[in-house]
Amino acid sequence: MHPLYQAVCEKILTTKNWFWSGHKKTYATSKPQIMNSVCFSIRPGATAQPLHRDDWCYHVVAQRADKYPDGLQRDTGIGFFVAAKRSTIQNGATRFIPGSHLWEHEREPDDDLAVHTELGKGSHHVITAEGEIPPKMKNGQLLHDKEENHYLNMGLEKVKTLPRALQDICGYTLSEPFLGWVNSNNPRVVLDPSIKGNKDMHGTDRVVMSLSSRNVIIQGES
């Protein structure tokens, strides 16, 4: 929960939009959540990972750009690589291709363009190609789901001990307007059933789902 990392992720990955709800414009802000967290420890004889983009889980088809767009909204995730000890070419420093964040989907990675990121202990780097530096934390837009399944990876009792902000970026809150609900409610009720006042996107306290052979009808009840 480093404040600088979180600020960068919110600046680049936060999505804001509005939509019609009847005759009313409803505004929503969807903040990034943790995609995954990994600690790399490279052993003698290990081979380097092939150059790739970490957004491949989301079937992103990027378009070529001459410069990073002023309005942002180009990326689905950010990878922060933090060196737990000095990182060198000899002990597995990660590789990346400078400028590849502007490439189009069809462009094949060229290993001859890759450079190694040698870092001192505690230094960090933000890149597009995954490599071998420990540890990393990635934040991603909630387009489909997070790469790592935090709900099964951490027991509910463990999650309850985490700070509220960390619970939120792990997915225990709504991505506005109503993505990630549990029983038509904010998933925070799973952590604290005593929470009151949670409502669905139509302002009702409860939603009943009626299934038919042709469609699903969602009927709000007050």
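Structural remarks
- For the range 74-120, the Kirkwood hydrodynamic radius from C-alpha pairs, put into Stokes-Einstein at 20 °C and a viscosity of 1.002 mPa s, yields a diffusion coefficient of 173 µm² per second.
- Computing FRET efficiency as 1/(1 + (r/R0)^6) for residue 194 and residue 158, where r is the C-beta to C-beta distance and R0 is 25 Å, gives about 0.80.
- Cβ-derived FRET efficiency at R0 41 Å, residue 151 paired with residue 115, nearest 0.05: 0.65
- Residue-span extension gain [residue 56 to residue 74] - 0.36 nm each, minus C-alpha spacing: 5.1 nm
No lab work stands behind these numbers, since they all come straight from the coordinates. What you are looking at is a predicted structure, and each value in this text was computed from that prediction instead of being measured. Every residue, glycine among them, receives a Cβ derived from its backbone with ideal geometry; neighbour counts consider all protein chains shown.
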